[in-house]
Amino acid sequence: MTNQNTSYAGFWRRFAANIIDSVIVFHILSEFYFTLVSQTRMILLKTAGSNRELLHKLLEIFPFWEDLNYYLMTSEQVGSDTHNMAHLLAIRIALIFFLTPLPFIFSWCYFSGLESSPLRATPGKLALGIYVADMEGKRISFGRATARHFSKIVSNMTMNVGYLMAGFSMKKQALHDMVASCLILKK
């Protein structure tokens, strides 16, 4: 794009937009995890019932639930059904396989989906008046947005020098923008 009216977004504006987007993604994922963990905790407690040995096994399986000790004291309230450890192990495996890739998938959908949408920007970019475009200033496809998103891995691998390139390159492109042939423009 060689238009004289082109205004590229600089490093600090892009950095601020990324902070806003990171807070949004973190908040959404935190709320989801909190709800899921709370519901799963109740299912596991009902599964274990008042069997204290099984409840102590739950503590070993799910050590990140510090307040499960509280429920050990009040386990009489949740019933007395006892299922075998295979059931609990199946729940644990399902949670691990479901929860491990979730932040990566959500982040990919958030950034690639919004940057390839008619908005051409995430909420952070919208707040700072910038948007993603191809080299001619047009809307990018989901595939190109995906390439840009996963190219950020390369920018991270360079000890974030790939991001700093936006402050010094002629078109204010970071390394991942160059890989995906994208520009970040001011409105």
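Since every read-out is calculated from the coordinates, none of them should be taken as a lab result. Keep in mind it's a predicted model, so treat the numbers as computed, not measured. With ideal geometry, Cβ positions are generated from the backbone for all residues, glycine too; neighbour counts draw on all protein chains shown.
Between amide H atoms placed 1.01 Å from N, distances below 5 Å from residue 8 occur with 186, all of them 5 or more places distant or on a separate chain. Placing dummy labels 7 Å off each Cα toward the beta-carbon, the span from residue 169 to residue 141 is 2.1 nm. Computed from backbone phi with θ = phi - 60° and the Karplus coefficients 6.51, -1.76 and 1.60, the 3J(HN,Hα) list for the range 22-29 is 5, 5, 5, 4, 4, 5, 4, 5 Hz; x is used for glycine and proline. Scalar couplings 3J(HN,Hα) for the range 109-126, obtained by applying the Karplus form with A = 6.51, B = -1.76, C = 1.60 to θ = phi - 60°, are 5, 4, 6, 5, x, 6, 6, 9, 6, x, 5, 6, 7, 7, x, x, 5, 4 Hz; x denotes Gly and Pro.
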